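Q: Right, I'll just put the structure down here and ask away after.
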Amino acid sequence: MVMRWRRRETGQNIKELRHRCEERVRAINLPDDRPLTVHDVCECLGQLYGRPIHVVLLTLPVGSPDGLLVSADDRDFIVVEERLAPIHQHQVMLHELGHFICDHEAMPVMTPEASRLLLPSLDPELVHRVLGRDHSHSEAEQEAEYVGSIIGRQISTWTTQRTLEVPPEAQELVARLAALEKHPPHSR
């Protein structure tokens with residue numbers, strides 16, 4: 001049996017999506033003179049848009065999204081599930097930054113009146129902006145994911161060149177293994 005992976009049909013031109021996302025990332029003009037972190041990107045975007053962006057790690061209710069972009073009147077918050085693995089938290093932050101960069105609109109999930117009844121201490125517009133986004137395989141979700149991935153490639157600290165500090169008790173073994181790498185054993 002042979003299994004093949006197929007790209008799911010999205011009903012959109014994937015090249016157009018990629019081009020649009022790459023243009024959006026180019027437009028924010030991230031500095032390339034130093035290594036960046038997600039927090040550096042938040043700071044750059046906050047300065048560019050005149051609204052600080054804060055990352056908040058919280059324990060979110062079971063069944064909720066792993067991350068949320070919450071837009072308040074004068075600042076934005078990226079809320080991320082604190083129980084996720086750090087690399088997953090990183091990707092969630094980038095995804096939510098993708099929504100911010102793309103200026104995705106939230107979809108109405110409840111009327112302002114219903115919001116006031118159920119969540120009286122929160123501004124109905126805030127509830128709409130947090131809960132209203134379509135959490136599916138919509139174009140907006142794909143766009144946010146791709147923008148986040150592009151930024152992630154620019155700021156990633158992952159490398160194929162790995163250098164690790166070798167404890168003194170393992171230095172002899174590491175030296176022997178390194179010698180094997182330089183001079184592979186001859187095949188008979």
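The values are calculated or read from the model by the stated rules, or taken from the named source; none is laboratory data. No experiment lies behind these values; they were computed from the predicted model shown. Ideal geometry is used to build each Cβ from the backbone, glycine not excepted, and the neighbour counts take in all protein chains shown.
Q: Before we move on, is Arg153 within 19 Å of the chain's Cα centre (by Cα), assigned to a helix (DSSP H, G or I), within 21 Å of Arg18 (Cα to Cα) and modelled with pLDDT under 90?
A: Taking the combined requirement at face value, the residue satisfies it.
Q: OK, next. Name the strands (runs of 3 or more DSSP E) wholly within the range 18-107 that hold at least 3 residues that are without any contact (Cβ under 8 Å) to a residue 40 or more places away in the chain and farther than 18 Å from Gln154 by Cα?
A: Result: 53-58, 76-81.
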